[in-house]
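J.: Below is the structure I would like to discuss, written out as structure tokens.
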Amino acid sequence: MRKTLGWLLSLVVLIGTMGAVGSTAQAATAAGPAAATDIKDQILGIPGMSLIEEKPYPGYRFFVLNYEQPVDHRQPWKGTFKQRLTLLHKDVSRPTVFFTSGYNVNTNPRRSEPTTIVDGNQVSLEYRFFTPSRPDPANWANLDIWQAASDQHRIFTALKKIYTKNWLATGGSKGGMTATYFERFYPRDMDGVVAYVAPNDVVNNEDSAYDRFFAKVGTKECRDKLNAVQREALVRREPLEAKYAAAAAENGWTFTTVGNLDKAFEAVVLDYVWAFWQYSLLSDCAAIPAAATASDQEIWDTVDAISGFSAYADQGLETYTPYYYQAGTQLGSPDIKQPHLAGLSRYGYQPPRNFVPRDIPMTFQPAAMRDVDNWVRKNANQMLFVYGQNDPWGSEPFHLGYGVRDSYVMIAPGANHGANVSKLLDEERALATAKILQWAGVAPAAALADAGRAAPLAAPDAQLDQRDLEREPQLRP
């Protein structure tokens, strides 16, 4: 599908010109019968598609939908489930961006960066097994990266009949991973991939890259300040756990999955440094309290603000059970050493198994990420990976080998887990924007001639373009 569509665009221009001097009836005939059908009716005409609601938004149509999917794409006769998705409809004459967060779908109108760049439509998909898109009963063996990629393939195949122009896949973090896996298993579907801050844990037991990252990120002053607060939180375990117990009683938190309050407390504290760099900037270090003089409440407040004491309660874990399951079966998870906590840490970085209910079986599959990594190195075609310089998850990025075509890895200086094309240096930002426009088949002639003249085609929209960046513990990218 990655072919230049210049001849087709010329044909469209020619037809449009002829229509201007022809009759209205002739124009309707050229457009075809689908042009007379409302887009909602076209969408709901797809077998298995149903409407949850339509929400108005100026310049768009926005639909929240369900699509009936096989529980197991290898054995589709064994049952189905309803998978939630949204559609931000601009026009069938525009390209379409297939967005995935890797988690739940946001049911409010949103526009990813590539959608803004190409001024297109956007399909956003909820990842299987995130409620309500979970089979009942749930056979967790059917939650893997191939099944999820097959969900996307089926939806793309159905919608491509309506949205016939170019398609791009995108997503950030686990969504960037998801877009990459989709490309690996169905490389002929998309015309390009833009994967933001996508971790690539090829060998799960080799995590020294993270240790090297934390030894040099930011400044020594900031690193020392964060480490001191983290250490002090464990030194003051007894009074802080008393606060934790009171907060748990007030909020109804329980700790059955992780085991007990002590394990949950340490998991939150051990997330502190990672979570700071994931979501904060070097300039935010000024707001971190000095550990030696901070009160118990100040230590509690900074850890809660950055790591979140609700994260490892049963109520905080429940939403993310599908992620922790995947981390413990295919995706892998980090295990960093944190030598400044020697003698204070009782559990170290706890594995994903500790965050998934014990009645759900888990077996790690080490070949899954090696397969994806090998494929990307050899076969990437029109793929862009964007990372943040100060994001821990960028410690193990995707790499491109000699066999790739028109693909790139770019790093936004000083950026965190919110890195995107707009945060790249000028030359790379222009190149990335030009490539996204080109892959989508909508690059203006000026941008094709000079990447420096490439710019987003859609006007900014503060509501549509806001990024819903969740405050997640380090184990969730």
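J.: Pick out the one residue from Q330, Q365 that is in a helix (DSSP H, G or I) and touching a residue at least 24 places away in the same chain (Cβ under 8 Å).
T.: Testing whether each residue is in a helix (DSSP H, G or I) and touching a residue at least 24 places away in the same chain (Cβ under 8 Å) leaves just Q330.
J.: Hey, another quick one. Quick check: anything in region 368-378 touching a Ser or Thr at 6+ places or on another chain (Cβ under 7 Å), touching a residue at least 12 places away in the same chain (Cβ under 8 Å) and over 23 Å from H417 (Cα atoms)?
T.: Checked region 368-378: no residue is touching a Ser or Thr at 6+ places or on another chain (Cβ under 7 Å), touching a residue at least 12 places away in the same chain (Cβ under 8 Å) and over 23 Å from H417 (Cα atoms).
J.: Does region 99-116 contain any residue that is part of a strand (DSSP E or B), modelled with pLDDT of 95 or more and buried (at least 20 other Cβ atoms within 10 Å of the Cβ)?
T.: Yes: one or more hits.
J.: Could I ask something else about it? In this structure, does K160 turn out to be surrounded by fewer than 17 Cβ atoms within 10 Å (Cβ to Cβ), closer than 30 Å to A287 by Cα and free of Cβ contacts under 8 Å to residues at least 40 places away in the same chain?
T.: no
J.: Exactly one condition in (1) surrounded by 15 or more Cβ atoms within 10 Å (Cβ to Cβ); (2) more than 27 Å from the chain's Cα centre (by Cα); (3) hydroxyl-bearing (S, T, Y) is not met by Y272; state its number.
T.: Against the list (1) surrounded by 15 or more Cβ atoms within 10 Å (Cβ to Cβ); (2) more than 27 Å from the chain's Cα centre (by Cα); (3) hydroxyl-bearing (S, T, Y), Y272 comes up short only on (2).
J.: Sticking with this one: Which residue, of T257, T180, T219, is in contact with an Asp or Glu (Cβ under 6 Å, 6 or more places away or on another chain) and among the hydroxyl-bearing types (S, T, Y)?
T.: Answer to the selection: T257.
J.: From the residues in region 185-203 that are outside any loop (DSSP other than H, G, I, E, B) and among the aromatic types (F, W, Y), which one is surrounded by the fewest Cβ atoms within 10 Å (Cβ to Cβ)?
T.: The selected residue is F185.
J.: State the number of residues belonging to region 19-67 that are modelled with pLDDT of 95 or more and small (G, A, S).
T.: Number of matching residues: 4.
Conditions (1) over 23 Å from the mean Cα position of the chain (by Cα); (2) crowded, with 21+ Cβ neighbours inside 10 Å; (3) more than 14 Å from L226 (Cβ to Cβ); (4) among the acidic types (D, E), marked per residue:
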position: E266; (1), (2), (3), (4): yes, yes, yes, yes
position: Y279; (1), (2), (3), (4): no, no, no, no
position: I288; (1), (2), (3), (4): yes, no, no, no
position: Q297; (1), (2), (3), (4): yes, no, yes, no
position: P322; (1), (2), (3), (4): no, yes, yes, no
position: Y325; (1), (2), (3), (4): no, yes, yes, no
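J.: Can you name the residue in region 376-415 that is among the aromatic types (F, W, Y) and farther than 15 Å from G171 by Cα and is also least open to solvent (accessible area, probe 1.4 Å) among such residues?
T.: Y408
J.: Among the residues of region 423-431, are any within 13 Å of E113 (Cβ to Cβ), open to solvent by 30 Å² or more (accessible area, probe 1.4 Å) and in contact (Cβ under 8 Å) with a residue 60 or more places away in the chain?
T.: For region 423-431, residues within 13 Å of E113 (Cβ to Cβ), open to solvent by 30 Å² or more (accessible area, probe 1.4 Å) and in contact (Cβ under 8 Å) with a residue 60 or more places away in the chain: absent.
J.: Further question: Quick test of your reading of the structure: T4 fulfils all but one of (1) closer than 30 Å to Y196 by Cβ; (2) at pLDDT 90 or above; (3) open to solvent by 50 Å² or more (accessible area, probe 1.4 Å); (4) among the hydroxyl-bearing types (S, T, Y). Name the failing condition by number.
T.: Here T4 clears every test but (2).
J.: Given the condition of a type in the set (A, V, I, L, M) and either open to solvent by 30 Å² or more (accessible area, probe 1.4 Å) or closer than 24 Å to E238 by Cβ (or both), answer yes or no: does some residue in region 308-320 qualify?
T.: Taking every residue of region 308-320 in turn, at least one turns out to be of a type in the set (A, V, I, L, M) and either open to solvent by 30 Å² or more (accessible area, probe 1.4 Å) or closer than 24 Å to E238 by Cβ (or both).
J.: I've got another one for you. Based on what the data block shows, is T170 of a type in the set (S, T, N, Q), open to solvent by less than 10 Å² (accessible area, probe 1.4 Å) and in contact with a Pro (Cβ under 7 Å, 6 or more places away or on another chain)?
T.: yes
J.: Then there's this: Kindly indicate which of G441, G418 is touching a residue at least 60 places away in the same chain (Cβ under 8 Å), outside any helix (DSSP H, G or I), at positive phi and open to solvent by less than 70 Å² (accessible area, probe 1.4 Å).
T.: G441
The values are calculated or read from the model by the stated rules, or taken from the named source; none is laboratory data. Since this is a predicted model, take the numbers as computed values, not measurements. No Cβ is skipped: glycine too gets one built from the backbone with ideal geometry, and neighbour counts run over all protein chains shown. These area figures cover heavy atoms from the full protein model, side chains too; ligands, DNA and RNA do not enter into them. Shrake-Rupley method; radii C 1.70, N 1.55, O 1.52, S 1.80 Å.
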